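Visitor: After the structure tokens below, expect a handful of questions from me.
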Amino acid sequence: MAGPEIEHLMQMLARLPGLGPRSARRAALYLIKRRESALEPLATALALVAERVRPCPRCGNFDTASPCSLCADPRRDDAVICVVEDVDDLWALERTRAFSGRYHVLGGLLSALDGIGPEDLHLPRLLERAAQPAVQEVILALPATIEGQTTAHYIADRLKAAETPEHPLRISGLAHGVPVGGELDYLDDGTLSQALRARRPV
Ligand code: ZN
């Protein structure tokens with residue numbers, strides 16, 4: 001139907017989340033028709049991101065700076081670390097402007113079904129960070145799914161086991177408002193910031 005280059009572009013687009021073969025064909029044609037206004041700016045943006053964006057060695061956020069701008073920002077509160085499943089949840093929380101502490105991206109959730117164990121998540125770095133004297137609270141902002149809650153309990157246990165009398169830690173989870181089975185990224189900003197403000201101890 002189309003040449004191999006266009007065919008390849010459509011196959012690459014069809015692999016993107018939310019796109020199937022049909023929308024990939026439409027997107028490819030859209031780009032090809034709009035070389036200057038869409039295709040070339042997109043190619044430039046992709047090349048820049050591929051070249052410059054890396055995961056932050058401290059929190060796991062994506063940024064061009066290392067450590068990322070959130071870790072480097074001196075106005076943010078070192079006393080609170082908010083643990084999230086992935087970067088889209090970090091973005092969702094940042095959009096609410098309800099949180100001004102630091103983040104930690106786990107990079108997934110424990111799942112017996114998918115064979116994801118503690119060693120597959122960014123846990124050692126979290127335990128290291130939580131042991132720093134400045135840290136007073138860890139918020140487990142994980143989804144209200146079985147995997148999310150299993151992961152939250154596992155992390156809470158590990159944090160409590162590492163706690164010392166000289167350095168007690170408050171461990172909390174998001175409050176109601178997070179629907180059961182709910183992913184953070186799908187919540188509206190008001191619901192998410194309310195769930196964060198009304199967080200409860202784990
Ligand atoms: Zn960071």
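The values are calculated or read from the model by the stated rules, or taken from the named source; none is laboratory data. Source: prediction; values computed, not measured. Every residue, glycine among them, receives a Cβ derived from its backbone with ideal geometry; neighbour counts consider all protein chains shown.
Visitor: On the basis of being buried (at least 17 other Cβ atoms within 10 Å of the Cβ) and over 18 Å from Asp89 (Cβ atoms), does Val135 make the cut? Give the steps one after another, and end with the answer.
Guide: Details: buried (at least 17 other Cβ atoms within 10 Å of the Cβ): yes; over 18 Å from Asp89 (Cβ atoms): yes.
Judged against the criteria, Val135 is a match.
Table: residues versus (1) surrounded by 15 or more Cβ atoms within 10 Å (Cβ to Cβ); (2) at pLDDT below 95.
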residue	(1), (2)
Val87	yes, no
Arg97	no, yes
Gly107	yes, no
Ser111	yes, yes
Ile116	yes, yes
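Visitor: Moving on to the next point. For the stretch 1-97, which helices (runs of 4 or more DSSP H) that fit wholly inside it have 1 or more residues that are more than 25 Å from Leu142 (Cβ to Cβ), more than 15 Å from the ligand (Cβ to nearest atom) and of a type in the set (S, T, N, Q)?
Guide: 4-14, 21-33, 40-52
Visitor: Another question, then. Only residues in the stretch 153-166 that are over 17 Å from Val84 (Cβ atoms) count as the first member; pair them with residues that are part of a loop (DSSP other than H, G, I, E, B), Cβ under 7 angstrom, at least 6 apart or cross-chain, and list the lot.
Guide: So the pair list comes out as Ala162/Ala131; Glu163/Leu169.
Visitor: Can I ask one more? Kindly indicate whether Ala45 is over 23 Å from Gly107 (Cβ atoms) and out of contact with any Pro (no Cβ under 6 Å at 6 or more places or on another chain). Full working, then the answer.
Guide: Details: over 23 Å from Gly107 (Cβ atoms): yes; out of contact with any Pro (no Cβ under 6 Å at 6 or more places or on another chain): yes.
In short, yes.
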